[in-house]
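Notes to accompany the following structure.
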């Protein structure tokens, strides 16, 4: 299988980076082809501009977006790895979705509703957040994050969500807790694919 891993964290020494490395190693161990798009390392431009919209409306695609869309098109599975900041995606990843999952490429409107143009692909999301998991569960944030990302992004364009791992309280779980998270990531990725 062809895997596209879209990674959004500015610190290569972060725990999210350890999750990225664990994910890639698990996939490669099973013989999968993996492409990683590290949005910060790439200097990805997240701002959807008026020029972008004009180019789309003219039936063309800006060069940087076309390059990313090629990776999405070639992928059987798309995995997003990112921290939850202010109960959502880092701005760079939100901008990636705004620009790359564009109208006419990822979805379109038709007489019968929404045409999901990325159907046939699978999606996995792996998140960390600082708040304790029990608090996010109690206030409904865990369910809200799954709904906005799994349904609002992946399902909206036809990508089938296969799992969504949310790891809470990351700064305070200790070294053993972090090892448990990486073991869970390895086991989940190995089982799913």
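Check 104, 130 and return the single one that is loosely packed, with under 15 Cβ neighbours inside 10 Å and farther than 27 Å from residue 26 by Cβ.
Matching residue, one of 104, 130: 104.
For residue 87, are the conditions met, namely being surrounded by fewer than 16 Cβ atoms within 10 Å (Cβ to Cβ) and either out of contact with any helix residue (DSSP H, G or I) (no Cβ under 7 Å at 6 or more places or on another chain) or closer than 28 Å to residue 182 by Cβ (or both)?
In short, yes.
Just a yes or no: is a residue in segment 111-123 over 19 Å from residue 1 (Cβ atoms), without any contact (Cβ under 8 Å) to a residue 24 or more places away in the chain and assigned to a strand (DSSP E or B)?
Scanning segment 111-123 turns up at least one residue that is over 19 Å from residue 1 (Cβ atoms), without any contact (Cβ under 8 Å) to a residue 24 or more places away in the chain and assigned to a strand (DSSP E or B).
For residues that are touching a strand residue (DSSP E or B) at 6+ places or on another chain (Cβ under 6 Å), surrounded by fewer than 17 Cβ atoms within 10 Å (Cβ to Cβ) and over 18 Å from residue 82 (Cα atoms), tally how many sit in segment 151-176.
Selection size over segment 151-176: 1.
Could you grab me the full set of residues in segment 150-176 that are farther than 21 Å from residue 97 by Cα and outside any helix (DSSP H, G or I)?
Within segment 150-176, 167, 168, 169, 173 meet the criteria.
Taking interchain pairs and intrachain pairs at least six residues apart, which have beta carbon atoms under 9 angstrom, with the first residue in segment 146-170 and over 24 Å from residue 187 (Cα atoms) and the second in a helix (DSSP H, G or I)?
Once the first residue is over 24 Å from residue 187 (Cα atoms) and sits in segment 146-170, its partners that are in a helix (DSSP H, G or I) give 153/97.
Hey, among 147, 179, which residue is out of contact with any strand residue (DSSP E or B) (no Cβ under 9 Å at 6 or more places or on another chain), under 20 Å from residue 90 (Cβ atoms) and assigned to a helix (DSSP H, G or I)?
One residue alone meets the criteria, 147.
Return yes or no: is residue 72 under 13 Å from the mean Cα position of the chain (by Cα), in a strand (DSSP E or B), over 23 Å from residue 136 (Cβ atoms) and at pLDDT 95 or above?
So residue 72 does not fit the description; no.
Out of the residues in segment 15-68 meeting the condition of being in contact with a strand residue (DSSP E or B) (Cβ under 8 Å, 6 or more places away or on another chain) and in contact (Cβ under 8 Å) with a residue 60 or more places away in the chain, tell me which one is farthest from residue 185 (Cα to Cα).
If we take residues in segment 15-68 being in contact with a strand residue (DSSP E or B) (Cβ under 8 Å, 6 or more places away or on another chain) and in contact (Cβ under 8 Å) with a residue 60 or more places away in the chain, then 32 is farthest from residue 185 (Cα to Cα).
The values are calculated or read from the model by the stated rules, or taken from the named source; none is laboratory data. Quick caveat: nothing in here was measured; it's all calculated off a predicted structure. Note: ideal-geometry Cβ built from the backbone for every residue, glycine included; neighbour counts use all protein chains shown.
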